[in-house]
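K.L.:
Sending over a structure as structure tokens; questions will come in a sec.
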Amino acid sequence: TQKPGTLSKDLVGRELISFRGMLSFVETQLKDIQQLFKSTKQRRKDVRVKEILEKVERLFATSLTREGVKFRILEKGSSPLVAKTTDAVLLQLFLNLFDNSLYWLQSKPSGKRQIDVLLDSDEHMLIFADNGPGVKADDAPFIFEPFYSGKGEEGRGLGLYIARQLLDKHDYAIELADIKRHKLLSGANFVVSFVQAEE
């Protein structure tokens, strides 16, 4: 029998293993986040968009579960979606889009919150959509402006502004969906085009 006030070796062993696992998890997350601090001027390369999206999904996994948000990645096309850019640009893009959606999805009941991302390699674009309150027509022209928030509509703070600025530097674009086939869900639907704009 174990004396009062002493610790079980098995218990201590299990706790140490658990702690080591948590440290390993944190280390993995930090490695992903560190990429955000690399210059967005680094050499561009062909980046598989899904790989970066899944990294950011893992960073938000706890929040998605806690807030009762269902998340889906949808794919269209005969090959993976690839963008000639940097990991840092895509990480920042997805961090801002997730943050924006999670904020506005609070207006929906937990368990009825949804984020869908369509990766379309045929059209070289993605659609990031949620079923939140969406964007009012009067606010649509301004949501990518710095600090624009409207009166409870999507497009708060600097997130969308930063996303557009980063993409602009790589001759890519982000817009609100304006045609039915680009609207996956009832809320805000953002279309990111990886077709470089012509000079």
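The values are calculated or read from the model by the stated rules, or taken from the named source; none is laboratory data. Note that this is a predicted model, so its numbers are computed, not measured. Heads up: the accessible areas ignore ligands, DNA and RNA and are worked out on the full protein's heavy atoms, side chains in. Shrake-Rupley method; radii C 1.70, N 1.55, O 1.52, S 1.80 Å.
K.L.:
So, for the stretch 63-117, what is the accessible surface per residue at a probe of 1.4 Å, expressed in square angstrom?
P.N.:
I get 45 Å² per residue for this part.
K.L.:
Let me ask something else about it. Tell me, what HN-Hα J-couplings in whole Hz come from the Karplus equation 6.51 cos²θ - 1.76 cosθ + 1.60 at θ = phi - 60° for each residue of the stretch 106-122, using x for Gly and Pro?
P.N.:
Those phi angles translate into 4, 6, 9, x, 4, x, 10, 9, 9, 10, 10, 10, 9, 9, 10, 6, 5 Hz.
K.L.:
Given 4 °C and 1.567 mPa s, how large is the Stokes-Einstein diffusion coefficient of the stretch 55-118 in µm²/s, with Rh as the Kirkwood radius over Cα pairs?
P.N.:
For the chosen part, D equals 100 µm²/s.
K.L.:
With θ set to phi - 60°, apply the Karplus curve 6.51 cos²θ - 1.76 cosθ + 1.60 along the stretch 71-85 and write out the HN-Hα couplings as whole Hz, x wherever there is a Gly or Pro.
P.N.:
Using θ = phi - 60°, the values come out as 10, 9, 10, 10, 10, 9, x, 8, 8, x, 6, 10, 10, 8, 7 Hz.
K.L.:
Output ³J(HN,Hα) for the stretch 137-146: one whole-Hz value per residue in order, computed from phi by the Karplus curve 6.51 cos²θ - 1.76 cosθ + 1.60 with θ = phi - 60°, and x for Gly and Pro.
P.N.:
4, 5, 8, 3, x, 10, 5, 9, 7, x
K.L.:
Using amide H atoms built in the peptide plane, which far-off residues or other-chain residues are under 5 Å from Asn131 H to H?
P.N.:
So Asn131 has HN proximity to Gln114, Gly187.
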